[in-house]
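A.B. asks: The structure that follows is given in the form of structure tokens.
The values are calculated or read from the model by the stated rules, or taken from the named source; none is laboratory data. What you see is a predicted model; the values in this text were computed from it and never measured. Counting neighbours? That spans all protein chains shown, and the Cβs are built from the backbone with ideal geometry, glycine included. What goes into the accessible areas is simple: the full protein's heavy atoms, side chains included, and nothing from ligands, DNA or RNA. Shrake-Rupley method; radii C 1.70, N 1.55, O 1.52, S 1.80 Å.
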Amino acid sequence: MGEGPPATRSVALLLNATYEPLCVISVRRAVILMLTGKAVCVTDGDGLMHSERELLAVPSVIKLTRHVRVPYRAHVGLTRRAVFARDGWHCAYCRGPAETIDHVLPRSRGGRHIWENVVAACARCNHRKAARTPAEMGWRLATPPAAPHGPAWRILGHRSPDPRWKDWLRTPDYADQPTAAAA
């Protein structure tokens, strides 16, 4: 099966039969699942793929035809992208655009690198806070940091999602996320 323009060399969101997000797969793998009857296209992407006898729209979201039980880790890995996604790409202190991550209790003072101690921050607030706590600065966090949960975080913690995936990821502040080039 030949690939068309560069837009077709992308990825697709794979949903379980129950519409739970499972993972992100290559468009090529998505088309193979569709051709073998193991999945159906839920949302088309950009472009077309063709073989000698068939012409298919590039899938953006596909759904398995049978439910699969997949054992997952109970926790979401702590990554820079996942912290930005959890905090809606806004600074936890001033609500401006986030550029860095900050440890609420600085690591130099015994703070750990865990979900409950890491927030997204703008460079200005991060620099002003330095090795102090928000309380010492007279600042308060609008919401205390916590580990995200739910199946959508298996995807959001590792990549910038395609806007066509919005209906299946169901997360707050989805529209606030920048494109992959900005992240």
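A.B. asks: What is the pair-distance distribution P(r) of the range 1-138, computed from all Cα-Cα distances in 10 Å bins starting at 0, with each bin given as a whole percent?
C.D. replies: In order of increasing distance, the bins hold 11, 28, 19, 19, 16, 6, 1 percent.
A.B. asks: Which net charge results when you count Lys and Arg as +1 and Asp and Glu as -1 among the other residues whose beta-carbon is under 13 Å from that of Val104?
C.D. replies: Numbers: positive: Arg107, Arg109, Arg112, Lys129, Arg132, Arg140; negative: Asp87, Asp102, Glu116, Glu136.
For residues surrounding Val104, the net value is +2.
A.B. asks: On average, how much accessible surface per residue is there in the range 41-154, in Å², for a 1.4 Å probe, leaving out ligands, DNA and RNA?
C.D. replies: Per residue, the range 41-154 has 59 Å² of solvent-accessible surface.
A.B. asks: Give, in whole angstrom and from largest to smallest, the semi-axes √(5λ) of the equivalent ellipsoid of the range 45-98, with λ running over the eigenvalues of the Cα gyration tensor. Intermediate results must be reported in sequence, preceding the final value.
C.D. replies: Numbers: eigenvalues 276, 86, 14 Å².
Working from the Cα gyration tensor, I get semi-axes of 37, 21, 8 Å.
A.B. asks: Only Cα pairs under 8 Å and at least 6 apart count here; give the relative contact order of the range 26-132 as a rounded whole percent.
C.D. replies: 18 percent
A.B. asks: So how do 54-61, 115-122 stack up, highest first, on mean other-Cβ count within 10 Å? Could the numbers behind the result be given before it?
C.D. replies: Values: 54-61: 17.9, 115-122: 20.8.
Per-residue mean Cβ counts within 10 Å order the peptides as 115-122, 54-61.
A.B. asks: So what's the gap between the Cα centers of the range 78-102 and the range 11-41, to the nearest angstrom?
C.D. replies: The range 78-102 and the range 11-41 have Cα centres spaced 30 Å from each other.
A.B. asks: For the range 65-133, take the convex hull of the Cα atoms, compute a quarter of its surface area, and give me that in nm², please. Please list the in-between numbers first.
C.D. replies: Details: hull surface 24.9 nm².
Mean projected area of the Cα convex hull: 6.2 nm².
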